[in-house]
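Asks: Okay, handing you the structure first.
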């Protein structure tokens, strides 16, 4: 079935599909921002150069990611799939990814291993034939029988360029149906890296990855680490809005300020793994945040919430949102004298 096929007749695990629908609705309708913790980007300022030494036309945002040339150092974060509404959103996101040559992550794809009939809500390759597409799986599933062959099958089904394994222990601990078996998972991740013969990216979902774990993941063979720090969407807040038990809801609320701020996670990751590919996400709201993340050491930045809301509002709103994001990065680079993305990694571009 093509990704443009109607998803109205699709079926799947009722619990899984209900959860996916809840997640989209809550992210769009409720206040799920982190409380009591900020990204840390506000603690940093890009150094303005009144004589940038370059023309605005000299600024080149293109960069390489997974052996593909991107039009800008931006990824559309892994978000959704499996439902009709997710299908519409993914089609719009894939369209703008292709138009702007941005990488795109797909929502958690575990359901495809059990319910392949929902494939049209995830498979965006026909819409985005020329950009990196990333399959996505909860890393904890590697402790539940999902192996290298299953991961390879996901890549084949989706015609994806790489696999994202997401880490979400806090979210799993809060979900009534959550899976908290995280013991020995680093070794399982290493096995996938060794056997998949495709790039593996490890990301958090919004509470950050500490520097020592970044180093361990790189040693395990991952192609890139997305630190996904705190300060943007809080998935403890998302899960809180799903809870009918007031005690569990209060427990979830206690974690609204949990996590490593994104800026700290990026700079820590770069210091711990100087040669690694580092992606910055978590509360990346505009092009200034993107440029700060790059100056702090990231190779690319990723955004989710702003793009999800824009995509839900329509193709035009999404196109304008992405255009603004890219133009803000371009002007910020010009005003710091950075003609290339790599120039932002040189000293003197950003200060506390």
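Asks: Once you've got the GNM for the chain with C-alpha springs shorter than 10 Å, pick whichever of 231, 36, 305 has the biggest mean-square fluctuation.
Replies: 36
Asks: Could you please rank 343, 161, placing first whichever residue has the fewest other Cβ atoms within 10 Å of its Cβ? Don't skip to the end; give the middle numbers.
Replies: Working: 343 17, 161 20.
Result, fewest neighbours first: 343, 161.
Asks: For q values of 0.10 Å⁻¹, compute log₁₀ I(q)/I(0) with the Debye formula on a Cα-only model of the chain, without solvent.
Replies: Treating every Cα as an identical point scatterer, log10 I(q)/I(0) equals -0.56.
Asks: May I pose another question? Under 1.5 on a/c is rounded, so check that first for segment 110-180, then, if it is not, pick prolate when a/b is larger than b/c and oblate when it is not; a ≥ b ≥ c are the square roots of the alpha carbon gyration tensor eigenvalues. All intermediate terms of the calculation are to be shown ahead of the outcome.
Replies: Working: a/c = 1.96, a/b = 1.88, b/c = 1.04.
Prolate, because a/c is 1.5 or more and a/b exceeds b/c.
Asks: What percent do you get for the relative contact order of segment 9-111 when only Cα pairs under 8 Å and 6+ apart count? Don't skip to the end; give the middle numbers.
Replies: On the way: 84 pairs, mean separation 30.2, N = 103.
Relative contact order here is 29 percent.
Asks: If the viscosity is 0.890 mPa s and the temperature 25 °C, what Stokes-Einstein diffusion coefficient in µm²/s follows for segment 150-279 when Rh is the Kirkwood radius over Cα pairs? Could you put the intermediate results ahead of the total?
Replies: Details: Rh = 15.7 Å.
Rounded, D is 156 µm²/s.
Asks: Right, next: Rounding to the nearest 10 and keeping the result within 0 to 90°, find how far the Cα-based axis of helix 148-158 lies from the longest principal axis of the chain.
Replies: 70
Asks: Rank-order 17-25, 240-248 by packing density, defined as the average count of other C-beta atoms within 10 Å over each peptide's residues, highest first.
Replies: Working: 17-25: 17.6, 240-248: 13.8.
Descending mean neighbour count gives 17-25, 240-248.
Asks: In a GNM of the chain with a 10 Å cut-off on Cα contacts, which of 218, 205, 164 has the highest mean-square fluctuation?
Replies: 218
Asks: Just to be sure I understand: of the beta bridges DSSP finds with both ends in the chain, what percent are antiparallel, rounded to 5? Mind dumping the intermediate values first?
Replies: Details: 6 of 33 bridges.
DSSP beta bridges in the chain are roughly 20 percent antiparallel.
Asks: Where does each of 83-96, 114-127 land if you order them by average Cβ count within 10 Å, highest first?
Replies: My ranking of the peptides, most packed first, is 83-96, 114-127.
Asks: So for the chain, averaging the separation of alpha carbon pairs under 8 Å that are six or more residues apart and normalising by length, what relative contact order in percent results? Could you put the intermediate results ahead of the total?
Replies: On the way: 750 pairs, mean separation 79.9, N = 352.
In percent, rounded to a whole number, it is 23.
Asks: At a 10 angstrom cut-off on C-beta neighbours, averaged per residue, how do the peptides 195-201, 47-53, 286-292 rank from highest to lowest?
Replies: Working: 195-201: 18.4, 47-53: 10.7, 286-292: 23.7.
Descending mean neighbour count gives 286-292, 195-201, 47-53.
Asks: Sticking with this one: Averaged over every viewing direction, what's the projected area of the C-alpha convex hull for segment 217-343? Give it in nm², one decimal, please.
Replies: Values: hull surface 38.8 nm².
Its average projected convex-hull area is 9.7 nm².
Asks: Based on the Cα coordinates of segment 72-214, what is the per residue volume of their convex hull in Å³?
Replies: Values: hull volume 16.9 nm³, N = 143.
Convex hull volume per residue, Cα atoms: 118 Å³.
Each value in this text was obtained by applying a stated rule to the coordinates, not by laboratory testing. Nothing here was measured: the structure is a model prediction, and the numbers come from that model. All Cβ positions, glycine included, derive from the backbone under ideal geometry; neighbour counts span all protein chains shown.
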